[in-house]
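Input: a single structure, listed below in structure tokens.
The values are calculated or read from the model by the stated rules, or taken from the named source; none is laboratory data. All values reported here derive from a predicted model rather than from experimental measurement. Cβ coordinates were reconstructed from backbone atoms using ideal geometry, including for glycine residues, and neighbour counts include every protein chain displayed.
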Amino acid sequence: MNERIRTSQVRLIAEDGTQAGVVSIEDALNKARDAGLDLVEVAPEAAPPVCRILDYGKFKYQLQKKKHGAHHHAPTIKEIRLRVRTEKHDLEVKAKKAKEFIERKDRVVVSMNLWGRERAHPDLAIGVMREFVALVGEAAKIESEPRMEGRRCVMILAPLK
């Protein structure tokens, strides 16, 4: 930054973002001083190096703020439980809730416990799961297909990237 830049010519980007072309380091420093800002080397490996006129303190603050904001929402796993005899409207309500979770970038585990004679018909459980996926629509992708784990049928939905 400023006098620490050790090249004779730089490609200059003005404070408004327009390209000023290739200029000598002295001219670039004079333009930065006239604007009351700093000359910052943003691409030192380029030939000639790219420098930008900007407020370095504000630039560092924005980088720090951006880095801090990157950890705003850590994805979690939410669970939605269904039954083989869950009615159509109730499936729609649960699918709407699943969409909300997915829009917040959370993964959704859809599970269903089979009781009594329901255990003899796992195909019904997988059918209800497929119907649920159809209701969720294009909001999510199936990360794990519906599968039986003992008396439990489990499927995982993930948000699209």
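The table for this structure:
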{"item": "Residue that is nearest to Gly150 (Cα to Cα) [pool: residues in the range 103-123 that are in contact (Cβ under 8 Å) with a residue 40 or more places away in the chain and surrounded by fewer than 15 Cβ atoms within 10 Å (Cβ to Cβ)]", "result": "Lys105"}
{"item": "Lone qualifier among Lys60, Lys96, Lys88 - being surrounded by 10 or more Cβ atoms within 10 Å (Cβ to Cβ), under 30 Å from Ser144 (Cα atoms) and at pLDDT 85 or above", "result": "Lys96"}
{"item": "Members of the range 144-153 found to be farther than 12 Å from Val133 by Cβ and crowded, with 17+ Cβ neighbours inside 10 Å, listed by number", "result": "Cys153"}
{"item": "Test: residue in the range 68-82 that is surrounded by fewer than 14 Cβ atoms within 10 Å (Cβ to Cβ), acidic (Asp, Glu) and under 30 Å from Val154 (Cα atoms)", "result": "yes"}
{"item": "Count of the range 1-33 residues which are assigned to a loop (DSSP other than H, G, I, E, B) and either outside the structural domain of Arg52 (by TED's automatic domain parsing) or of a type in the set (A, V, I, L, M, F, W, C) (or both)", "result": "3"}
{"item": "Looking only at the range 137-147, and only at residues there that are in contact with a helix residue (DSSP H, G or I) (Cβ under 7 Å, 6 or more places away or on another chain) and at pLDDT 90 or above, the one that is farthest from Asn113 (Cα to Cα)", "result": "Ile142"}
{"item": "Test for Pro48: is it closer than 30 Å to Arg6 by Cα and either modelled with pLDDT under 90 or not assigned by TED's automatic domain parsing to the domain that holds Cys153 (or both)", "result": "yes"}
{"item": "Residue in the range 23-40 that is farthest from the chain's Cα centre (by Cα), counting only those that are of a type outside the set (S, T, N, Q), farther than 19 Å from Lys58 by Cα and surrounded by 13 or more Cβ atoms within 10 Å (Cβ to Cβ)", "result": "Asp27"}
{"item": "Test: residue in the range 1-18 that is surrounded by 11 or more Cβ atoms within 10 Å (Cβ to Cβ) and closer than 30 Å to Glu143 by Cβ", "result": "no"}
